[in-house]
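The values are calculated or read from the model by the stated rules, or taken from the named source; none is laboratory data. Note that this is a predicted model, so its numbers are computed, not measured. Cβ placement follows ideal geometry from the backbone for every residue including glycine, while neighbour counts extend to all protein chains displayed. All accessible areas refer to the heavy atoms of the entire protein, side chains included, with ligands and DNA or RNA removed. Shrake-Rupley method; radii C 1.70, N 1.55, O 1.52, S 1.80 Å.
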Amino acid sequence: MTTVTPSRRICIIDDHQLVRDGIGLILASEPSMSLDYQAADLATGLSILADSHSQIDVVLLDITLPDTNGLEGMESIRKAYPKLPILVLTMHDESQFGTRAMSLGANGYITKDNASEELILAINMVCQGKKYISRHFSDILAMSAFGDQPLELHHALSQREFNVMILLSEGKTPTEVAHQLKISIKTVSTYRSRILDKLNIETNADMVRYCLTNHLIV
C-alpha cells in the first residue's frame with residue numbers, strides 16, 4: 001500500500017478549540033493535507049510562523065481573535081511573509097469583511113458554515129497560487145461593481161480607521177486603542193472624527209449600533 005506524503009501543510013489561527021479540532025478531523029480525511037500547526041491567538045501564530053513559515057503551505061486565519069482584529073493580524077503576516085497563502089476562515093459573512101480582507105492580501109475568504117468539501121477546494125486553490133471566493137461572494141462583488149448593491153459605509157474607511165472603529169465599538173478606551181495600535185491618543189481622536197464623518201453618525205454609541213447592525217462585532 002502506497003503512503004501519500006501530505007503536500008499541504010497547514011497552520012490554523014483560531015481561538016476556538018472546537019473549530020481547530022473540527023478542521024483537524026476534516027483534514028485528516030485528506031491524504032494530501034495535514035494540520036501541523038495550531039494557535040489560539042495571533043501572538044502564538046506569529047511565533048509559530050517565525051520558527052516554521054518555510055514549512056507551512058497555507059494559513060487559515062480567523063477574523064475574530066482575542067488579542068487583535070484578524071484583519072490587522074493578516075497585515076502583520078502579509079508584511080512578514082508576502083508569499084505565504086492566507087485563507088480567511090470566519091463566521092462573518094463575506095459582505096461584512098470579504099472585500100476588505102481580499103484588498104489587504106488574503107488569497108481567499110470562506111465562511112465556517114460551508115461544507116468541508118468547499119474548504120478543501122479553497123485550500124487547494126490558494127496553494128496553487130489562485131484566489132478563492134465563493135459564489136455568494138462573487139455575486140456581492142458583481143452587484144457592487146455594477147451599482148446594483150452599494151457597499152456599506154464602512155467600506156469607505158481606511159484600514160486604520162476600520163481598526164479604530166472596531167476597537168472603540170468593543171469598549172476599549174482611546175488610551176487602550178492607542179497602545180494596541182501603537183499610535184498616539186491624539187491620532188485615535190483624529191481617526192474617530194473621520195469615522196463619525198464617513199459613517200454619518202455623531203457619537204460612540206452610534207458607532208456601536210452601526211457595528212452591531214452590520215455584524216462587525218458580536
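For every residue, the table says whether it meets (1) under 20 Å from Ser158 (Cβ atoms); (2) small (Gly, Ala, Ser); (3) under 18 Å from the mean Cα position of the chain (by Cα).
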| position | (1), (2), (3) |
| --- | --- |
| Ile13 | no, no, yes |
| Gln17 | no, no, yes |
| Ala28 | no, yes, no |
| Ser52 | no, yes, no |
| Asp57 | no, no, yes |
| Ile77 | yes, no, yes |
| Ser95 | yes, yes, yes |
| Asn107 | no, no, yes |
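Would you confirm, using the coordinates I've provided, whether Val88 is open to solvent by less than 20 Å² (accessible area, probe 1.4 Å), over 28 Å from Glu152 (Cβ atoms) and in contact with a helix residue (DSSP H, G or I) (Cβ under 7 Å, 6 or more places away or on another chain)? No; evaluated as a whole, the condition is false for this residue.
Looking only at segment 156-174, filter to residues that are over 20 Å from Pro66 (Cβ atoms) and open to solvent by less than 20 Å² (accessible area, probe 1.4 Å); which one of those is modelled with the highest pLDDT? So the residue we want is Glu161. Which pairs do you get when a residue that is of a type in the set (Val, Ile, Thr), found in segment 47-73, comes within reach of a residue that is open to solvent by 60 Å² or more (accessible area, probe 1.4 Å) and modelled with pLDDT under 90, reach meaning Cβ atoms under 8 angstrom, with the pair 6+ apart or on two chains? What qualifies is Thr64/Met91; Thr64/Val218.
For segment 112-133, taking the residues that are buried (at least 18 other Cβ atoms within 10 Å of the Cβ) and closer than 15 Å to Gly98 by Cα, the one that is modelled with the lowest pLDDT is identified as Ile133. Quick check on segment 148-155. Is at least one of its residues acidic (Asp, Glu), farther than 26 Å from Asp62 by Cα, at pLDDT below 90 and open to solvent by 50 Å² or more (accessible area, probe 1.4 Å)? Looking for residues that are acidic (Asp, Glu), farther than 26 Å from Asp62 by Cα, at pLDDT below 90 and open to solvent by 50 Å² or more (accessible area, probe 1.4 Å), one finds at least one in segment 148-155, hence yes.
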